[in-house]
Amino acid sequence: MDRDLLNHLPVVLAVARRKNFAAAASELGMGPSAVSHAVRLVEERLGVPLFARTTRSVALTEAGAALVASAAPALQDISDRVERIRAVKGRRNFRRRRDCQHR
């Protein structure tokens, strides 16, 4: 797996969700040029454009729509699982601290 590609997928998803590079940048706490660079890197690595850009709009291409359709649920699943692991870890740490206090 190409790590650059994987690292930049959330940026692509934000642009797809917001349909705007500046709005995606604001959501992600990045500059618009960094968002544009990340999207361009993904497009170069895949060898296809993911967005049709005009001066006033951004729309997913067929390839972009296919990527978003598969990547968005996969990344959401990973995020959900990480949160569940953190929640379990937090409960275990709480129990350990509580158990230590009672001894």
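What to note about this one:
- Working ranking of peptides 75-82, 43-50, 7-14 by packing, defined as the average number of other Cβ atoms within 10 Å per residue, highest first, is 7-14, 43-50, 75-82.
- To the nearest ten degrees, helix 32-46 and the longest principal axis of the Cα atoms of the chain are 80 degrees apart.
- Neighbour counting of Cβ atoms within 10 Å sorts the residues THR54, THR61, fewest neighbours leading, into THR54, THR61.
- Extending 7 Å from Cα along the Cβ direction at GLN76 and again at ARG17 yields two label points whose distance is 1.0 nm.
- Principal-axis analysis of the Cα atoms of the chain puts helix 3-18 at an angle of about 70° to the longest axis.
- Given charges at beta-carbon only (K, R positive; D, E negative), |dipole| of the chain in Debye: 1000
- Angle in degrees between helix 62-101 and the longest Cα principal axis of the chain, rounded to the nearest 10: 20
- Taking 7 Å steps out from each Cα toward its Cβ at ALA69 and SER57 produces label points 2.0 nm apart.
Read-outs throughout are calculated quantities, based only on the coordinates presented, and are distinct from any laboratory measurement. Please read these numbers as outputs of a predicted model, since none were measured by experiment. Heads up, the Cβs are rebuilt from the backbone with ideal geometry, glycines too, and the neighbour counts pull from every protein chain shown.
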